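Before any comments, here is the structure.
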Amino acid sequence: MRVAYRIACGNSRCMAKPLLILDQYFRLVDELFRPTAYARLSRLTDIVGGDDKPMPRDEIEAHLAEAEFLVAARPTLSAGEIERASKLRATIEVSGAFNPGLDYEACFERGIEVLSSMPGFRFAVAEMAAGMMIAGARGLVTEHEAFREGNENWVADMPGRDFSLYRQTIGFVGYGMIARECHRLIAAFNPVVRAYDPWLEASGADVADVELGPLETVLHTSNVLVIAASPTDQNRGLITDAHIRMLPDGALVALISRAHLVDFPALMAEANSGRIKVATDVYPEEPVAVDDPLRGYPNVILSPHRAAAVPGGRHPIGDMIVADIEAILDGRPERQLKRADPETVRNMVNAYGNAS
C-alpha cells in the first residue's frame with residue numbers, strides 16, 4: 001500500500017497535508033494519472049492506498065476520521081461512516097457513474113461534495129463515436145469483411161449504402177459533454193446538427209450551432225443519430241420500436257452511452273433487415289454471448305465496450321481530480337468533475353445500477 005505522509009512547509013510554518021484515501025481499483029493508478037499529475041497530487045495531499053488491488057475495508061475505515069478526500073472506483077460509505085468522517089470534504093468516483101453504495105443524502109446534509117469522473121471520459125468516447133460515424137457512413141467495415149472474402153467493390157460508389165458526412169444532418173439524443181465534444185470533432189464536415197435534450201431545453205441555455213427539438217423531429221430528419229444521453233430512471237427505453245421506424249432509410253445509429261436508452265432488440269432487427277445501419281459499443285447484457293445472433297448481423301459495427309479504452313484515454317480524469325482538489329483546498333468554486341445534483345442523482349444511481 002502506498003502511504004505518503006509528508007509535511008508541507010513554507011514561510012517558516014509547517015502543517016500536515018490533507019489526507020486522501022485512494023481506493024481506485026478496478027482502475028489502475030497509471031490508467032488514471034499521468035506521472036506529472038500523480039506527483040502533483042502527492043504534493044497536495046498525503047495519499048493512503050493507491051495500490052492496483054482492492055483496498056481492505058478495515059484500512060479505509062482506519063483512516064476515515066482523518067481523511068479529507070476519498071477517491072474510489074465506487075465510493076461506499078454509510079451514514080454512520082460519513083458521520084465518523086468528520087473532516088471529509090469530497091468523495092470522487094472514478095468508474096464513470098454515480099453508483100449505489102454511497103449515502104448521498106448524508107453527504108449533502110454534511111456539505112460533502114460528491115464528484116463524478118464522467119467528464120473525463122468525453123474525449124476518448126467522442127473520438128470513438130466520430131470513428132464509428134465515419135466507418136459506418138463510408139462502409140469501411142463492410143468492405144473490409146468483403147475484401148477478406150474476395151467480394152470487395154472496387155472504385156464503387158455503393159449508392160443506397162454509403163454516404164459522406166459532409167453537410168449531413170446529424171442528430172444527438174442527449175447533448176451533454178460527450179455529444180458536444182463529438183460535435184466539435186465533426187464540425188469540419190459542416191453538418192446540420194439537431195439534438196433532443198429536454199433538460200438542456202428546459203434550462204433555456206443558448207447552444208450555438210445546434211437546433212434543439214422534439215425527439216420525433218430529430219429522428220425523422222437525421223441521417224446519422226448518435227445516442228449519447230446519460231441513463232436515468234426517466235429515459236429507460238426512451239427510443240422505442242416505433243421511434244426506430246421513424247429513422248430515414250439508410251440512416252446510421254451510433255450507440256455510445258448505454259443500451260438502457262433504446263429498444264435494443266428492435267434496433268438490431270431493423271439493422272438486420274437492411275433498412276438502417278448501427279454501430280454500437282454497448283449491449284443489454286455484457287459480455288455478449290458467443291452464440292448471440294447479432295454477431296452475424298449485416299449492417300452492424302460491433303465494439304466490445306471500448307469507447308474509453310485506449311492508453312492515456314482516462315488520463316483526463318486524473319487531471320480533473322488534481323485540479324478540483326486543488327480548487328477545493330484553495331477555496332475556489334470551479335469544478336471540472338461533475339457535481340452530484342440532489343434533484344437528479346437518485347435517478348442516475350438507480351439507472352446506472354441496472355443499466356448496460
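So is residue 115 within 23 Å of residue 336 (Cβ to Cβ) and either aliphatic (A, V, I, L, M) or assigned by TED's automatic domain parsing to the domain that holds residue 335 (or both) or not? In short, yes.
Filtering the range 250-297 to residues that are part of a loop (DSSP other than H, G, I, E, B), out of contact with any His (no Cβ under 9 Å at 6 or more places or on another chain) and in contact (Cβ under 8 Å) with a residue 60 or more places away in the chain leaves 250, 256, 257, 258, 285. Scanning the range 76-104 for residues that are among the β-branched types (Val, Ile, Thr), within 17 Å of residue 339 (Cβ to Cβ) and assigned to a loop (DSSP other than H, G, I, E, B) returns a single hit, 94. Given the criteria in contact with a helix residue (DSSP H, G or I) (Cβ under 9 Å, 6 or more places away or on another chain) and surrounded by 19 or more Cβ atoms within 10 Å (Cβ to Cβ), does residue 181 qualify? So residue 181 fits the description; yes.
What are the residue pairs meeting all of these: first residue in the range 233-245, first residue touching a residue at least 60 places away in the same chain (Cβ under 8 Å), second residue among the charged types (D, E, K, R) and part of a loop (DSSP other than H, G, I, E, B), Cβ atoms under 8 Å, and 6 or more apart or on different chains? Listed by first residue and then by second, the contacts come to 239/263. Determine whether residue 115 is part of a strand (DSSP E or B), surrounded by 15 or more Cβ atoms within 10 Å (Cβ to Cβ) and not hydroxyl-bearing (Ser, Thr, Tyr). Criteria met by residue 115.
Got at least one residue in the range 239-252 being of a type in the set (Val, Ile, Thr), surrounded by 16 or more Cβ atoms within 10 Å (Cβ to Cβ) and under 20 Å from residue 270 (Cα atoms)? Yes, the range 239-252 contains a residue that is of a type in the set (Val, Ile, Thr), surrounded by 16 or more Cβ atoms within 10 Å (Cβ to Cβ) and under 20 Å from residue 270 (Cα atoms).
Selection of the range 193-234 for residues being part of a helix (DSSP H, G or I), modelled with pLDDT under 95 and touching a strand residue (DSSP E or B) at 6+ places or on another chain (Cβ under 7 Å) yields 200, 201. Can you find even one residue in the range 118-138 that is assigned to a loop (DSSP other than H, G, I, E, B) and either assigned by TED's automatic domain parsing to the domain that holds residue 76 or surrounded by fewer than 20 Cβ atoms within 10 Å (Cβ to Cβ) (or both)? No, the conditions are met nowhere in the range 118-138.
Condition (residue is assigned by TED's automatic domain parsing to the domain that holds residue 277, buried (at least 23 other Cβ atoms within 10 Å of the Cβ), not charged (D, E, K, R) and not in a helix (DSSP H, G or I)) applied to the range 153-170: is it met by at least one residue? Yes, some residue in the range 153-170 is assigned by TED's automatic domain parsing to the domain that holds residue 277, buried (at least 23 other Cβ atoms within 10 Å of the Cβ), not charged (D, E, K, R) and not in a helix (DSSP H, G or I).
Screening 91, 36 for residues that are of a type in the set (Val, Ile, Thr), on the phi < 0 side of the Ramachandran plot and without any contact (Cβ under 8 Å) to a residue 24 or more places away in the chain leaves exactly one candidate, 36. Report yes if residue 307 is closer than 20 Å to residue 235 by Cβ, surrounded by 18 or more Cβ atoms within 10 Å (Cβ to Cβ), under 14 Å from the mean Cα position of the chain (by Cα) and not assigned by TED's automatic domain parsing to the domain that holds residue 133, otherwise no. Yes; evaluated as a whole, the condition is true for this residue. Being within 30 Å of residue 344 (Cα to Cα) and touching a strand residue (DSSP E or B) at 6+ places or on another chain (Cβ under 6 Å), is that true of even one residue in the range 120-129? Taking every residue of the range 120-129 in turn, at least one turns out to be within 30 Å of residue 344 (Cα to Cα) and touching a strand residue (DSSP E or B) at 6+ places or on another chain (Cβ under 6 Å). The number of residues in the range 16-33 being over 18 Å from residue 63 (Cβ atoms) and either at pLDDT below 95 or crowded, with 17+ Cβ neighbours inside 10 Å (or both) comes to 4.
The values are calculated or read from the model by the stated rules, or taken from the named source; none is laboratory data. Predicted, not measured: the structure shown is a model, and the values here were computed from it. Neighbour counts are summed over all protein chains in view; Cβ atoms, including those assigned to glycine, are modelled from backbone coordinates with ideal geometry.
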